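The values are calculated or read from the model by the stated rules, or taken from the named source; none is laboratory data. Note that the coordinates shown come from a computational prediction; the quantities given were computed from them, not determined experimentally. Using ideal geometry, Cβ is built from the backbone for each residue, glycine included, and neighbour counts are taken over all protein chains shown. In case anyone asks, the SASA skips ligands and DNA or RNA and just uses the protein heavy atoms, side chains included. Shrake-Rupley method; radii C 1.70, N 1.55, O 1.52, S 1.80 Å.
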Amino acid sequence: MRTERLTATGAPAETADRLRSLVPAPESVSDAVREIIAGVRAGGEDSLLEYTRRFDTPEPGPLVVDDDDISRALEGLDADVRAGLELSMDNVRRVAEAGVEQERKVSFPKHGVTMRSVPVKRAAVYVPGGRAPYPSTVLMGAVTARAAGVPEVVVCSPPPVDDAILAACGLVGVTRVYRMGGAQAIAALAYGTDQVEPVDVIVGPGNLYVQDAKLQVSGQVGIDGFAGPSDLVVLADDSADPELVALDLLAQAEHGEGTLVVAVSPSKALLEALPLDAAPQTGATAVTVEVSDVGEGLAIAEAFAPEHLQLVGPNAEALAPDVTRAGCLFVGAAAGTAFGDYVAGSNHILPTGGAARFASGLSPAHFRRRFAEVRIGDPDPLAAAAAPVARAEGFELHARSMEARIRDNGR
């Protein structure tokens with residue numbers, strides 16, 4: 001793991017920009033992804049399977065995972081792993097249910113508007129393959145979708161799909177599991193094939209091809225956002241335990257290539273005591289940033305808008321109410337980000353690359369849509385007020401439509 005040491009100078013935004021620049025932007029794959037999406041739209045399942053054999057495995061197996069395969073995987077799941085997944089599932093469900101918006105009615109003297117929130121019909125969770133299985137991602141996506149009230153939740157993962165992923169699907173009770181991955185899977189979920197029914201929302205992490213594909217189909221389906229490499233900022237005062245801080249940084253660095261982990265502190269002694277130089281080669285970058293005080297450190301963190309932000313030590317923890325830009329906030333030495341990745345109940349599908357300035361972690365809101373229901377008892381005052389505005393905008397028929405509802409309109 002590459003390590004860098006910085007001292008904050010200039011405006012907080014300048015330091016944040018310096019940190020971001022340490023991880024080069026990836027090369028664009030948009031043209032290749034566009035070709036794959038067009039291929040699946042035109043060729044359907046034949047093209048989907050062709051891409052699967054080209055990019056994943058020559059023998060992908062049936063596209064739809066059989067229920068017996070899921071039952072077998074669940075029966076063979078290690079008891080301790082199952083207990084951990086069940087705790088995670090319960091905690092994620094409880095937190096997600098707390099975020100489901102309720103219907104609200106606004107009453108006016110002559111009319112009423114009800115804000116309604118309803119789930120989408122069908123949602124998909126993309127679960128990456130590659131270096132290791134991610135059953136925890138199944139839970140983060142599917143449990144949240146279920147808590148939102150989505151009746152049909154499907155999961156897809158590149159073949160061969162690991163038994164741990166299948167077991168997690170069995171625990172949650174997803175509607176269907178597909179052996180497919182990459183941009184071709186996103187295209188199939190967005191537009192459908194013979195065996196893949198199109199969905200309304202696609203969420204989940206994945207490689208650059210997957211994320212670019214999500215962006216390209218976002219006019220067709222809803223998405224959670226663009227999930228890039230992971231990042232973590234730990235803001236610590238001089239009382240923090242350097243061993244624990246280093247462990248949290250190294251744990252996040254396990255996410256691999258492009259990951260950026262940053263320790264920020266006014267304590268030079270703490271930063272120098274962090275055992276980061278002996279870290280394994282994960283392709284991640286670790287940076288220490290010395291600041292004048294924790295207030296400056298928070299200003300840098302706010303400008304950086306990290307996926308994960310940890311506050312460690314009394315002086316840093318006292319700033320928690322001032323945090324406005326973080327995918328997820330962890331407060332206190334006991335609250336390592338690894339708990340958020342698995343069992344705390346917060347979601348680990350979070351905005352990356354500074355998107356915490358405007359985006360949120362996965363929640364029921366991603367699987368529900370809001371709309372207004374309007375009922376008008378007496379249209380007279382509304383029509384009288386709005387018709388002049390409509391005419392000022394050049395919409396004569398809008399004005400007439402409203403005025404036609406006035407009960408005493410001279411006809």
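Note on region 59-198: antiparallel DSSP beta bridges, both residues inside, total approximately 35 percent of the bridges counted.
Out of the total accessible area of region 57-152 (probe 1.4 Å, heavy atoms of protein only), what percent is carbon and sulfur?
On the way: 2640 of 5160 Å².
The C+S portion of the solvent-accessible surface of region 57-152 is 51 percent.
Pairwise Cα distances in region 357-411 exceed 16 Å in 60 percent of cases.
How much accessible area per residue does region 25-146 have, counting only protein heavy atoms and a probe of 1.4 Å, in square angstrom? If you can, show how the numbers build up before the last one.
Working: 7010 Å² over 122 residues.
Using a 1.4 Å probe on heavy atoms only, each residue of region 25-146 averages 57 Å².
Taking A386, A356, A123 as the candidate residues, the one with maximal mean-square fluctuation in a Gaussian network model of the chain, Cα springs under 10 Å, is A386. Identify the residues of region 136-163 with backbone N under 16 Å of a label point that sits 7 angstrom from the Cα of R72 along the Cα-to-Cβ direction, or state none. Those under the cut-off are 160-163. Across the chain, the mean sequence separation of Cα contacts (distance under 8 Å, 6 or more residues apart), normalised by length, yields a relative contact order of 21 percent. Where in region 359-378 does the amide nitrogen come within less than 16 Å of the point 7 Å from the Cα of K105, taken along Cα to Cβ? 372-378, by backbone N distance to the label point. Relative contact order of region 344-411: 22 percent, from C-alpha pairs under 8 Å at least 6 residues apart in sequence. With the cut-off at 1.5 for a/c, could you classify region 6-148 from its C-alpha gyration tensor as rounded, prolate or oblate? The shape class here is rounded.
Accessible surface area normalised per residue over region 204-260 is 38 Å², counting heavy atoms of protein chains with a 1.4 Å rolling probe.
Okay, helix-only estimate at 222 nm for the chain: each DSSP H run of n ≥ 4 adds -39500 (n - 2.57), divide by all residues, round to 500 deg cm²/dmol; what do you get? Present the calculation step by step, with values, prior to reporting the outcome.
On the way: 15 runs with 167 residues, N = 411.
Per the formula, -12500 deg cm²/dmol.
Per the Kirkwood definition applied to all pairs of different Cα atoms, how many angstroms is the hydrodynamic radius of region 276-399? Can you show the working numbers first?
On the way: mean 1/r = 0.0529 Å⁻¹.
Averaging 1/r across every pair of different Cα atoms and inverting gives 18.9 Å.
Rolling a 1.4 Å probe across the protein heavy atoms gives region 282-411 an accessible surface of 49 Å² per residue. Sort out for me the Cα centre separation of region 215-264 from region 92-152, rounded to whole Å. Cα centroid of region 215-264 versus Cα centroid of region 92-152: 24 Å apart. If the chain linking R53 and R407 were pulled fully straight, counting 0.36 nm for each residue of separation and taking away their Cα-Cα distance, it would gain 120.7 nm.
As a fraction of the 1.4 Å probe accessible area of region 160-256, surface on carbon and sulfur atoms comes out at 47 percent.
Quick one: pull the percent of accessible area on region 295-353 belonging to carbon and sulfur, 1.4 Å probe, ligands and nucleic acids left out.
Numbers: 1210 of 2070 Å².
On region 295-353, the fraction of accessible area on carbon and sulfur atoms equals 59 percent.
The DSSP beta bridges internal to the chain are antiparallel in roughly 25% of cases.
Would you mind finding the longest exposed-site-free stretch of the chain, with exposed GluC sites (Glu not before Pro) meaning DSSP loop and at most 10 other Cβ atoms within 10 Å?
Details: sites that count: E27, E393.
For GluC sites (Glu not before Pro) (loop position, at most 10 other Cβ atoms within 10 Å), the longest site-free span of the chain is 28-392.
Separation of region 23-67 and region 305-350, taken as the distance between their Cα centroids, equals 36 angstrom. With unit charges on the beta carbons (Lys and Arg positive, Asp and Glu negative) and the dipole taken about the Cα centre of the chain, which residue among F367, G206, M180 sits farthest to the positive side? The listed residue farthest towards the positive side: F367.
Relative to the 2.2 N^0.38 Å rule of thumb, the chain has a C-alpha radius of gyration ratio of 1.15. Quick one: in region 116-211, what % of C-alpha pairs are over 15 Å apart? For region 116-211, the fraction of Cα-Cα distances above 15 Å is 54 percent. In the complete set of protein chains, residue-level accessible area for F226 is approximately 80 Å², probe 1.4 angstrom. Between R179 and V64, V65, the built amide H atoms are under 5 Å apart, and every one of these is 5 or more places off in sequence or on another chain. In terms of its C-alpha gyration tensor, region 233-283 has a prolate overall shape, because the principal axis ratio a/c (a ≥ b ≥ c, square roots of the eigenvalues) is not below 1.5 and a/b outweighs b/c.
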